[in-house]
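**Q** Before we start, here is the structure in question, set down as structure tokens.
The values are calculated or read from the model by the stated rules, or taken from the named source; none is laboratory data. Predicted model, so just to flag it, every value in this text is computed and none were measured. Here the Cβ is made from the backbone with ideal geometry for all residues, glycine too, and neighbour counts use every protein chain on show. These area figures cover heavy atoms from the full protein model, side chains too; ligands, DNA and RNA do not enter into them. Shrake-Rupley method; radii C 1.70, N 1.55, O 1.52, S 1.80 Å.
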Amino acid sequence: MRVMISQRVDVLPERGERRDALDQAWGDTLVGMLCGRVSIYPMPNRPGDVDEAVSGWSPSLIVLSGGNDIGDASERDATEAAMLSRAAADRIPVLAVCRGMQMVQHYLGGSLNRMTGHIATEHVVKAVSAIEGPAELLVNSFHAWGISKCSLARDLEALYCHADDSSVEAAQHATLPWLCLMWHPERPGKGMTVANGWAGNWLR
């Protein structure tokens, strides 16, 4: 499978650099989730290059990775918006992770909510509809911004919500093959094998 994945922006002021970066764990994570060989194209944060890159690479899946808050790196915001526009036009499946889920929410006109108690922890999420998968998942959490049920974008459908504060932790697009997760499949956690297995089944 050919996977195009967005990259975070790391700023190194001592070197005067803005670097695109991607956790190396994504390779093994995607192989495990998709149960097969994966070729990864890390998309540079150059929004004007997205159409040509998608046309040339012909990805089977677009991943919006985590890192950076929306508004922290305008070049990344614009690149991911362009990736979503192309994914929508070509009906390319999307896996949106943490900041990626926030970006989908923003792209679709929804709002974000400041969260407390969601950084560097684990918590239970509960299924909110009749979906194929476990009634509960134990997932990792590394986000300061989230999505309440009442602010979820109109084109998104909640799948799992936080067991305590009911914020939306997983959602799918109503008409497009897009899966959004607020947790990080590429990072460790006690329940991540089960959570990644569920997400992988959804994507396959």
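**Q** Of the residues that sit in the range 152-180 and are among the acidic types (Asp, Glu) and either assigned to a loop (DSSP other than H, G, I, E, B) or at pLDDT below 95 (or both), which one is farthest from Glu122 (Cα to Cα)? Don't jump to the end; show me each part of the working.
**A** Kept after step one, since they are among the acidic types (Asp, Glu), are these residues of the range 152-180: 155, 157, 164-165, 169.
In the following step, the residues that additionally are either assigned to a loop (DSSP other than H, G, I, E, B) or at pLDDT below 95 (or both) were identified as 155, 164-165.
Values: Asp155: 28, Asp164: 12, Asp165: 14 Å.
So the residue we want is Asp155.
**Q** Within the range 1-32, which residues are in contact with a helix residue (DSSP H, G or I) (Cβ under 8 Å, 6 or more places away or on another chain), modelled with pLDDT of 95 or more and among the hydrophobic types (A, V, I, L, M, F, W, C)?
**A** Val3, Met4, Ile5, Val9
**Q** So, in the range 67-90, how many residues would count as being crowded, with 21+ Cβ neighbours inside 10 Å and either among the hydroxyl-bearing types (Ser, Thr, Tyr) or free of Cβ contacts under 8 Å to residues at least 24 places away in the same chain (or both)?
**A** The total comes to 2.
**Q** For the range 36-64, which residues satisfy the criterion of being assigned to a loop (DSSP other than H, G, I, E, B), in contact (Cβ under 8 Å) with a residue 40 or more places away in the chain and surrounded by 14 or more Cβ atoms within 10 Å (Cβ to Cβ)? I'd like the intermediate steps shown before the answer.
**A** Of the residues in the range 36-64, the ones assigned to a loop (DSSP other than H, G, I, E, B) are 36-38, 43-46, 58-60.
Now narrow it down to the ones that are in contact (Cβ under 8 Å) with a residue 40 or more places away in the chain: 43, 58-60.
Within the range 36-64, Met43, Pro59, Ser60 qualify.
Conditions (1) in contact with a Phe, Trp or Tyr (Cβ under 8 Å, 6 or more places away or on another chain); (2) closer than 24 Å to Arg204 by Cα; (3) modelled with pLDDT of 95 or more; (4) of a type outside the set (S, T, N, Q), marked per residue:
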site: Tyr41; (1), (2), (3), (4): yes, yes, yes, yes
site: Gly48; (1), (2), (3), (4): no, no, yes, yes
site: Ser55; (1), (2), (3), (4): no, yes, yes, no
site: Val63; (1), (2), (3), (4): yes, yes, yes, yes
site: Ser74; (1), (2), (3), (4): no, no, yes, no
site: Asp77; (1), (2), (3), (4): no, no, yes, yes
site: Leu84; (1), (2), (3), (4): yes, yes, yes, yes
site: Ala88; (1), (2), (3), (4): no, yes, yes, yes
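**Q** Which members of the range 1-35 meet the condition of being in a loop (DSSP other than H, G, I, E, B) and open to solvent by less than 60 Å² (accessible area, probe 1.4 Å)?
**A** First, the residues of the range 1-35 that are in a loop (DSSP other than H, G, I, E, B): 1, 6-7, 13-16, 22-24, 35.
Within the range 1-35, Ser6, Gln7, Leu22 meet the criteria.
**Q** Would you mind telling me which numbered condition in (1) touching a Gly at 6+ places or on another chain (Cβ under 6 Å); (2) surrounded by 20 or more Cβ atoms within 10 Å (Cβ to Cβ) Val104 fails?
**A** (1)
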